Each structure stands twice: as structure tokens, then as C-alpha cells.
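What follows is a single structure, written as C-alpha cells, with notes after it.
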Amino acid sequence: MKEQTLAVQRMQDYIEANLDASITAADLARVSLFSPWHSYRLFKDYTGKTPAEYIRRLRLSKSAMKLKSENCRIIDIAFELGYGSVDGYQRAFFREFGYNPSDYAKNPVPITLFIPYGVKFRELRRNTRTMENIQSVVIQIMHKPERKVIIKRCVAAQDYFPYCEEVGCDVWGLLTSMDSLCGEPVCLWLTKQYKKPNTSTYVQGVEVSIDYAGPIPEGFDVITLPATEYLVFQGEPFEEEDYSDAILSVQHAINRYRPEAIGYQRDECSPRIQLEPIGERGYIELSAVKKKSVS
């Protein structure tokens, strides 16, 4: 991996770990191992944002999640973020999300949070290799009730990276701001009956209750999925740089597994589900199954 990529990744990691503290250009230069001028240029070239803009957007997004899920006072959040006044924080929040923070705290609507994307994953993607199953994979049955899924379609994507190239990675930030039945957004590989003409197989969305009547973000669709049994395939915890191998290990296990051995068969009508790859818990995919028919 190129040293420039690693330098920017180190700056991103430092920002994430020290978001509540004052972060200076000298701090970033020190962890990048480049001069302040060169580290600034690298950061902007690789992330598309200046360090100040990146930090501001990340702090505001973290504050939005606090307003939504915690009983925080606006003044406390403002000073935690380093704003000299509540007015300054309120103006920044409104410019970022289009809502006053106090109004958002009372009625959290879908907003596009800033979700940083580690620059090292661009190179790791290019270095993905074919592999056999070298990890242990835990398999269990899960029942999902009838539910709605609010999804963002694109045109042709069959997987995550082409999807992000079509619609941008901000979709995940918007979905993260919404309440989900399973506690997090999901990615789906839609089956034929849930696709629209000239739209993608791969979509991102959020599962909500069947009686959900809340806001639907502009440009999103709603599909209804029936109550379904799923085989949950969960790989071992992994280091971030090994995420491609972690995904391939689980997908290899899915392809090899025969649910008939436990009295099930694959449900080809229900979408396959992917959860965000998080190293601490391992990569997770859900494959729909149904009770094996008796001849």
C-alpha cells in the first residue's frame, strides 16, 4: 500500500480517536509523518475535503446522533464541539442539515450524516483476491417479521462499490440517521419481484415496522417483505485491512452450505441481506430459507 495512502489513513484514524479534543495541523502532520503543507494537500486530495471541513462535518454528525438518542442540552454539545456560543453551533448545524438542532432533537427526521470512508479501502479493494474458506463461520437461524424496507435504488449495481460509484456514499449516512428494526441499515440483493425495470439488484435501505408511516426521504422507495427465516452467516472478527478476505470467507461458506441438512431449502424469492462489515463482530450476511417441502 502506498505511503501516501497510509499517511492519510493515519490522519483519519487520529481524527476519529481525538474528535472531542482540539486537533491542529501540527497534530495531523505528526501522525502523517509529512510536513504540515504536504499532509494538508494529501488529505484534501485523498478525501476531497480539507481537514477542517472533514472534522467539522464529522463533529456535527456525531452531535446529531447525540441529539437523537441522548438527553443532551444544546449548550453542552456546542461547547463540547468547541463552539464559542450556542448560536454558532446552531448556525453550523442548520447549514449542514437544514434544521435547527433543538427542532431536530424534538423530531429527528432523516438527515444525511457524514460517514467517513477510510482511504485505505480503495487500495484494498483493488487487491481483493480469490480465496478458499480460511476462517470459521458461525451459522444460526433468525426469524424476521413482516416489515417494510425503505430503499435507495440505482441503475446497474450488483455490489457495494459499484453502488457507491452510482449514488455516492452519503446514502449510508442518511440511513444511519433513521431508526431501524435491526438497529442498523442493511444492504440487499433484490430478487426479481422487488426490482423495477432498469434498476439495480443491489440497494441500501433501512428496515422499519410494517405499520411505519413516517417520512420517506426523497428518491427512496418502500418495499414490503414477508415474515422470513434466515440463515445468519457470521465470520470471525477481522482487522480492517483484511475485510475483503473476511467477506470472501463468509460468501464462500454460503455457497458451500446445504440448508437441506437441517430441514430447510433456499428461499429464492427473498432478498439476501448484508450488514456493514465491522471488524469487532465479523462480517455478516443473511440468506433466506424456508422449511424443506415434503415430497
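What follows draws every value from the coordinates through simple rules; no lab data is involved. Not measured: the values here are computed from a predicted model. When we count neighbours, we look across all protein chains shown, and the Cβ atoms used for this are built from the backbone with ideal geometry, even at glycine.
So the values come out like this:
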| read-out | value |
| --- | --- |
| Amide H partners (placed H, <5 Å) of LEU181, local residues excluded | GLU207, VAL208 |
| Relative exposure of SER136, SER287, judged by other C-beta atoms within 10 Å (fewest first) | SER136, SER287 |
| Exposure proxy ranking, count of Cβ atoms within 10 Å, fewest first, for TRP172, TRP37, TRP189 | TRP37, TRP189, TRP172 |
| From phi via Karplus (6.51, -1.76, 1.60), per-residue ³J(HN,Hα) for region 220-232 in Hz, x at Gly/Pro | 9, 10, 10, 10, 10, 10, x, 4, 9, 8, 10, 8, 9 |
| Debye-sum result for region 90-240 in log10 I(q)/I(0), which assumes one identical scatterer on each alpha carbon, at q = 0.14 Å⁻¹ | -0.88 |
| Sites GLU53 and VAL222, calculated FRET efficiency, Cβ-Cβ separation with R0 35 Å, nearest 0.05 | 0.55 |
| 0 to 90° range, to nearest 10: angle between helix 51-69 axis and the chain longest Cα axis | 60 degrees |
| Span from the region 6-56 Cα centroid across to the region 220-288 one, whole angstrom | 35 Å |
| Virtual paramagnetic centre 7 Å along Cα→Cβ of GLU3, amide N under 12 Å, in region 26-49 | 33-35 |
| Cα shape, region 3-106, gyration tensor, a/c 1.5 rule | prolate |
| Neighbour-count order for MET178, MET65, fewest beta carbons within 10 angstrom listed first | MET65, MET178 |
| Computed E for SER22/GLU276 - FRET, C-beta separation, R0 35 angstrom, nearest 0.05 | 0.70 |
| Cα-only Debye scattering, region 73-123: base-10 log of I(q)/I(0) at q = 0.15, 0.17, 0.21, 0.29 Å⁻¹ | -0.50, -0.59, -0.77, -1.14 |
| Phi-based couplings in Hz for region 146-160 (Karplus 6.51, -1.76, 1.60; Gly and Pro marked x) | 4, 7, 9, 10, 8, 10, 10, 8, 10, 9, 9, 5, 10, 7, 4 |
| Descending Cα extents along the principal axes, the chain, whole Å | 72, 45, 35 |
| Entries of LYS192/LYS291; LYS62/LYS120; LYS195/LYS291; LYS66/LYS148; LYS152/LYS192; LYS196/LYS291 with Cα pairs more than 18 Å apart | LYS192/LYS291; LYS62/LYS120; LYS195/LYS291; LYS66/LYS148; LYS196/LYS291 |
| Neighbour-limited loop hits for trypsin sites (Lys or Arg not before Pro), region 235-295 (at most 14 other Cβ within 10 Å; DSSP other than H, G, I, E, B) | ARG281, LYS292 |
| Per-pair calculated FRET efficiency, R0 = 45 Å: GLU260 and ILE75 via Cβ, rounded to 0.05 | 0.15 |
| Label-point separation, ARG91 to LYS292 (7 Å along Cα→Cβ), nm | 6.8 nm |
| Relative contact order, percent, the chain [alpha-carbon distance under 8 Å, six or more residues apart] | 17 percent |
| Mean residue ellipticity (222 nm) of the chain, computed from DSSP H runs ≥ 4 via -39,500 (n - 2.57), nearest 500 | -11500 deg cm²/dmol |
| Positive-pole candidate from GLY48, GLY82, SER35, dipole of region 3-106, charges at beta carbon | GLY48 |
| On Cα atoms only, tilt of 3-17 relative to the major axis of the chain in degrees | 80 degrees |
| Degrees between helix 36-47 axis and first principal axis of the chain (Cα, 0 to 90, nearest 10) | 30 degrees |
